[in-house]
């Protein structure tokens, strides 16, 4: 039987928020069936193949597996949700939301919640830095684009009309994270409008009107009148121009890479690449090695875009880089399809004090062609996700479910900005 989810905007009910009689009943139930060990178990090298979730009680969700028993449990992300009108609707009269008087969870969001829980929250590799002190981190982002058949190179077509998660590891499709220049401009206008309505008062920015970027993108301008939503959380905006080049890791530095990086690179089957990023003045602002951890593709036939949720490892590189030797091809392994040099003209919109960041970018690659690509991605803060996911695993008050749902809903809103046939 599936678990129940709270509707948008409703907090997760904790035991101290439930009626005393219900708390007593749940506690009695848990005393008889709850396991004696922690719901979050250490990693194991053996792989477990998950099958449908079974609801055991109000506090624990068991996930049956064919693998070791010490990775079979997933912490409850929600408790039973009872509506605020238990038996009476303000207009319908006698009412219950379902035959069990609970509201079921939304399936797609639950799939992504599970994906991020296992790929991020449960990733306790010692090389990862969860303190924010500048060590290796996991990057979590969703990109808009199209799922295409590898043989036909046409957008995926399935006999469904609503969004759906594609089976992880399905190899007959590819994801292209690009859009047209006209769509880029439409997103730019949409995001500028959202920026203006979130400001507490009219704000004058250094650059007004259209920016000098080749795409004709514009920066947010002064709000002509007080915002319509004065209670909204203000957004932050920045416009950057950067240049990426890709370089091989020197052989003498290979042995210093953490085991996790080598594992993600296929134990030497893939060559790690250093991404060197400089600003407009040529100053180096970042040197990293980026590795793919996992992807989850979402097919959305009712919108102009499909989307992909990606988890990547970003490790700061402190070794030497021969900047004068020229870059090597970035290849398609980095998800961009670019080459040895990528010039990025990026507008970033930071939401909710950094919990989400929307990046709208024009990329010009000079490795194989000077073709311009337009990309949109939304990133969530991995430290916040890890913190609340860990609290959820410990059955403490948390915002893990709401954070993932906010991430998914932001992607859905962005997908609907562009008409389907635009």
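The values are calculated or read from the model by the stated rules, or taken from the named source; none is laboratory data. This is a predicted model, so every value here is computed, not measured. Virtual Cβ from ideal backbone geometry, glycine too; neighbours counted across all protein chains shown.
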Task: Conditions (1) at pLDDT below 95; (2) out of contact with any helix residue (DSSP H, G or I) (no Cβ under 6 Å at 6 or more places or on another chain): number failed by residue 299 - done: (1)
Task: Residue match in segment 352-364 (condition: touching a strand residue (DSSP E or B) at 6+ places or on another chain (Cβ under 7 Å), surrounded by fewer than 19 Cβ atoms within 10 Å (Cβ to Cβ) and over 27 Å from residue 244 (Cα atoms)) - done: no
Open item on the list: Of the conditions (1) touching a helix residue (DSSP H, G or I) at 6+ places or on another chain (Cβ under 7 Å); (2) closer than 21 Å to residue 278 by Cα; (3) at pLDDT 95 or above, residue 307 satisfies every one except a single condition; which number is it?
Closed with: (2)
Task: Which numbered condition residue 128 fails, given (1) under 25 Å from residue 412 (Cβ atoms); (2) modelled with pLDDT of 50 or more; (3) buried (at least 17 other Cβ atoms within 10 Å of the Cβ); (4) not assigned by TED's automatic domain parsing to the domain that holds residue 187 - done: (1)
